[in-house]
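Below is one structure; the comments refer to it alone.
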Amino acid sequence: MINRINMIGVTVMSSKIENVIGEIEDYLADCKAMPFSSTKICVEKDRIDSLVSELRLKIPDEIKEYQKKRQKLDNSRDAILNDAKTQAENMVKAAQIHTEELINEHEIMQRAYEQANKVIDDATAEAQRIMDSATEDANNIRMGAIQYTDDMLSNLEMIINHAIDSNKTRYETLMESLNKSLNIVMSNRNELRPEENTQYAEQTLADSVKEVMDDDGPTDEE
């Protein structure tokens, strides 16, 4: 745009000078040729001097006007350039500030994500540790309960076996003693009544054995 304005100023100045030159050319073209010459003409000295003086006056004025316009254009150009430079610098600064803000926001978000992930990881690890500890405690309690129950059952088994062995020995001794007594009684009665006494003694021995077993049975269970 500045170049276009410069060209307009130059064109205006040139047109004024060209007008004066055109007048000179037109005047020379209207002058009559000298007798017996095709290259020389007759001119009015005053007219030529006037046109040349006008041309001389136009040139400095046009140059000064051009310089003024050029100065104004230069000032305008400098103002436009300075304004454009200022706007560009402001845009760059704004972009830098925005970029720094984005970077800061990204760093803040990154740190927030890292802290959140750390909290989640720590909570997950702690929950797993609690679950593992609870599982281990439950297994220990279960194994302890099983061991305790097994010990109790083992002791009960020993008591029952001991009771069985003790009662077995006692009953065997009792049966042996009763058999001896029965044999003596039967022998004595046979001497008196051989047939009747034998049946009676056998029945009496069977009843005695049953009574002894009935009496000892509840005691063993207790």
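Straight-line cross-link partners of Lys32 among the lysines, defined as a Cα under 28 Å from its Cα and at least 8 positions apart when in the same chain: Lys16, Lys40, Lys45, Lys58. Along the charge dipole of segment 24-147, pointing to its positive end and built from +1/-1 on Cβ of Lys, Arg, Asp and Glu, which listed residue (Ile24, Ile97, Ala123) has its Cα farthest out? It is Ile24.
Partners of Lys168 within straight-line reach, counting lysines whose Cα lies under 16 Å from its Cα and excluding those fewer than 8 residues away in the same chain: Lys210. 3J(HN,Hα) along segment 158-163, derived from phi through the Karplus expression 6.51 cos²θ - 1.76 cosθ + 1.60 where θ = phi - 60°, amounts to 5, 4, 5, 4, 5, 5 Hz, with x in place of Gly and Pro. Kindly identify segment 50-126 as rounded, prolate or oblate by the Cα gyration tensor criterion: order the square roots of the eigenvalues as a ≥ b ≥ c, call it rounded if a/c is under 1.5, otherwise compare a/b with b/c, prolate if a/b is larger, else oblate. It comes out prolate by the Cα gyration axes.
One chain, two ends: Glu101 and Asp132. Fully extended at 0.36 nm per residue, the span grows by 6.6 nm beyond their Cα-Cα distance. Straight-line cross-link reach from Lys85 at under 30 Å between alpha-carbon atoms covers these lysines, not counting any fewer than eight positions away in the same chain: Lys68, Lys69, Lys72, Lys93.
For Ile41, the amide hydrogen comes within under 5 Å of the amide hydrogens of Met34, counting only partners 5 or more places away or on other chains and with H modelled in the peptide plane. Modelled spin-label separation between Leu28 and Cys42, with each label point placed 7 Å from Cα along the Cα-to-Cβ direction: 2.0 nm. In a fully extended conformation the segment linking Asp74 and Ser154 would gain 17.1 nm over its present Cα-Cα distance, using 0.36 nm per residue.
With a simple spin-label model that places each label point 7 Å from the Cα along the Cα-to-Cβ direction, the separation between Leu55 and Met109 comes to 7.7 nm. Shown is the FRET efficiency for Asn167 and Gln203, computed with R0 = 30 Å from the Cβ-Cβ distance and rounded to the nearest 0.05: 0.75.
Since every read-out is calculated from the coordinates, none of them should be taken as a lab result. What you see is a predicted model; the values in this text were computed from it and never measured. Quick reminder, even Gly has a Cβ in these numbers, built from the backbone with ideal geometry, and neighbours come from all protein chains shown.
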